[in-house]
Amino acid sequence: MYDEAFLRRALTGLIAATLLVAGVVALVIPAAARWYAADDLRAGAKLWAQALVRTLPDFDALVQGEHAVTPVERALLDAAARQPAVLGFVVRGADGRTVLRGGTMDPSALEAQEPGAALRVEVAMASGARIAGTATLLLDARERRSFHAGRLLAILPALGLSVLLAVGAPLAFGWYRGRRRRQAAVRGELRVAQDPLTGLNNRERFLALATEMLSASTRSGRSMVVHQVDIDGFADLNEALGIEGADAVLRQCARRLSGLCGPLDLLARWGADEFVIAQHAVRNTADADAYAQRIVDALHEPFVTGSRELRLTVSVGYALSSGSNTQVFGADSLLARAAIALRHARSGGRGRTARFSEDMRTLLDDRLSIEQLLRDALEHDRFELHFQPVFDARRRTPCGFEALIRLRDPAGGYLSPEVFIPVAEHTGLINRIGAWTLARACRAASTWPGGLSVAVNLSPTQFGDGRLLQTVRSALADSGLPSHRLELELTENVLIAEGEPVADALRQLDLLGVRLILDDFGTGYSSLSYLWKLPFAGLKIDRAFVLGMADQGPKMTDIVRTIAALGKALGMRVTAEGVETEAQAQLLADLGCDRLQGYLFGRPRPEARALDALGRREAARDVPASVVTEPHNADPV
């Protein structure tokens, strides 16, 4: 047994040793915190530089001084200057010339508050494998220093209690710092994944964060609710206000919905006129019902745009996870349930809400089956491209083909694109499918004789992730196809969906040399502003007008003649779809159409047999196209 005096001396020695260690560490902490903070900020600056290069589509041209900064690029630069810890930045080209700047590079105000708080970091700006320039950032180091100082102070008791912890704590802290850095890298990637119009989360970021939220709700024993919000009659709004006015309304909607969200809720722009909210830790269905109604009420309050005041109605479909049973499905399945509920809400009229219930499960099961079919097709390369020929209206010579995507169902038949494309758009798979389609179509066209072109349809969703331009570039580069032989067809829905960001993307595609075609002209609102504001090289008259010439007589014929004359006046090539008879072909040529497409000239054929249509034209002798079940140009990719 140790006597009391020995225990007293041992305790005194232990306390003295602990105080000595604490004193030494207290002297080291400020220096260590500064070093760790500088290391973190340098790593963050590299991520910031990588994100800026990816965010600016024409970064190389900007640093080389080939064009001035556009308003969109200025907005992106301003956003970059507002990133956490960033006070300002200067980007210099390879020749040392300053080409871009944002924020302030004057540290005096910060240094007056806390000497040494400002840190200058210089990082390389790499574009591909080439160093395009350098960026000098002025960073606020206070938060990171405080963070690391606090963490270092937290380990003092452990250092005083045991040598083992004194050795192990720095190792544990190093692991923690590495984990934090990896998380920071992920957050840096996610900052780029924002909707360019509203600044909200886009699909990819929302899905990633919603998955984490669902896990947290599961652990808490509460439900997560996904609300899918659709603006009723948005096409009418877009037609009445124009692109700029409709964009302004969408931004106001985003702000109002943000005001409804709690600190742990998620909000994303999901489509042209759709938003999605993930509501965290909801207690019961009554709370979810009330929240959905608040969404309807908030967006029904008057909006002011310019000198006009208007009111919106929205439809809301929502679905709840089942508390502790949420492990049986993921966030994507919850979104699918909300989409089914939204369809039910819209079927009841404007301004309605609907909660997913089990009697909607058949529709959900169908959607999930199609989604799995799409994923399997991507993984095992089961999509097919069929090509339908397009002929010159006067000379009756082939001009090119339109690529139409096909997918076989489990029974061996073809699943209609009108069925699987909406599912692909809702799940985000449309981007991978669209990239596959572009690559395969360009590769096929590169083997065709002469100057035959290939047309590929685009979906509005493909413009949402900012990678479409690079996807097109890669498809052209990999195949060796000249850009003027690629035509990209898009409907007015694309323009209504994304507004000015899509307009900017179209201008960049036009600069690339790709031909842009306005598809299904006349079936939507046919706003003439699209034709003169955007660089379209042609327009396509929908097959409904061609078939209507026989039913409606002179009135429909006059409409087609007017569309053809409008196209010619604007220097655009006019193509008529759905041509089934020689009489239709001759009349359309006389009315001024430049190109013709339809069963008279050839049905869609697989790639290996596409060129067969050039040697002989298929007569529509089997079944008239008007009653064929195979969809006509329904593919948005």
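Results, tabulated for the structure shown:
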read-out	value
Verdict on G592 being of a type in the set (G, A, S) and more than 23 Å from L614 (Cβ to Cβ)	yes
Residues of the stretch 181-206 that turn out to be modelled with pLDDT of 65 or more, in a helix (DSSP H, G or I) and within 12 Å of the chain's Cα centre (by Cα), as a count	4
Residue count, the stretch 563-609 (criterion: over 15 Å from F401 (Cβ atoms), acidic (D, E) and touching a helix residue (DSSP H, G or I) at 6+ places or on another chain (Cβ under 6 Å))	1
Conditions (1) of a type in the set (A, V, I, L, M); (2) in contact with a strand residue (DSSP E or B) (Cβ under 8 Å, 6 or more places away or on another chain); (3) at pLDDT 90 or above: number failed by L378	(2)
Qualifying positions in the stretch 210-236 - closer than 12 Å to Q279 by Cα, part of a helix (DSSP H, G or I) and under 19 Å from the mean Cα position of the chain (by Cα)	A210
Residues of the stretch 269-306 classified as basic (K, R) and either open to solvent by 50 Å² or more (accessible area, probe 1.4 Å) or in contact with a Gly (Cβ under 6 Å, 6 or more places away or on another chain) (or both), total	2
Subset of the stretch 110-133 [among the aliphatic types (A, V, I, L, M) and over 31 Å from the mean Cα position of the chain (by Cα)]	L110, A112, A117, A118, L119, V121
Search result, residues across the stretch 134-149 that are over 28 Å from the mean Cα position of the chain (by Cα) and in a strand (DSSP E or B)	T134, T136, L137, L138, L139, D140
Matching residues in the stretch 252-264 - criterion: being touching a strand residue (DSSP E or B) at 6+ places or on another chain (Cβ under 8 Å) and either at pLDDT 90 or above or open to solvent by less than 20 Å² (accessible area, probe 1.4 Å) (or both)	Q252, C253, A254, L257, S258, L260, C261
Residue match in the stretch 237-251 (condition: outside any strand (DSSP E or B), open to solvent by 10 Å² or more (accessible area, probe 1.4 Å), over 19 Å from L334 (Cβ atoms) and touching a Pro at 6+ places or on another chain (Cβ under 8 Å))	no
Pick from the stretch 208-231, criterion open to solvent by 10 Å² or more (accessible area, probe 1.4 Å) and among the β-branched types (V, I, T), ranking: modelled with the lowest pLDDT	T218
Options K568, K540; residue that is open to solvent by 70 Å² or more (accessible area, probe 1.4 Å) and of a type in the set (K, R)	K568
Count - residues of the stretch 583-613 that are assigned to a strand (DSSP E or B) and open to solvent by less than 20 Å² (accessible area, probe 1.4 Å)	3
Long-range neighbours under 7 Å by Cβ, at least six apart or interchain, first residue of a type in the set (V, I, T) within the stretch 197-208, second surrounded by fewer than 21 Cβ atoms within 10 Å (Cβ to Cβ)	T198/R251; T198/A254
Among (1) under 27 Å from D273 (Cβ atoms); (2) in contact (Cβ under 8 Å) with a residue 40 or more places away in the chain; (3) not in a strand (DSSP E or B) - the single one I405 does not satisfy	(3)
Flag if R311 is modelled with pLDDT of 85 or more and either under 24 Å from N238 (Cβ atoms) or polar (S, T, N, Q) (or both)	yes
Inter-residue pairs, beta-carbon under 7 Å, first more than 20 Å from N457 (Cβ to Cβ) and in the stretch 364-392, second open to solvent by 40 Å² or more (accessible area, probe 1.4 Å) and among the charged types (D, E, K, R), 6+ apart	D376/R382; D392/R595
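The values are calculated or read from the model by the stated rules, or taken from the named source; none is laboratory data. Not measured: the values here are computed from a predicted model. No Cβ is skipped: glycine too gets one built from the backbone with ideal geometry, and neighbour counts run over all protein chains shown. Surface areas here come from the heavy atoms of the whole protein model, side chains and all, with no ligands, DNA or RNA. Shrake-Rupley method; radii C 1.70, N 1.55, O 1.52, S 1.80 Å.
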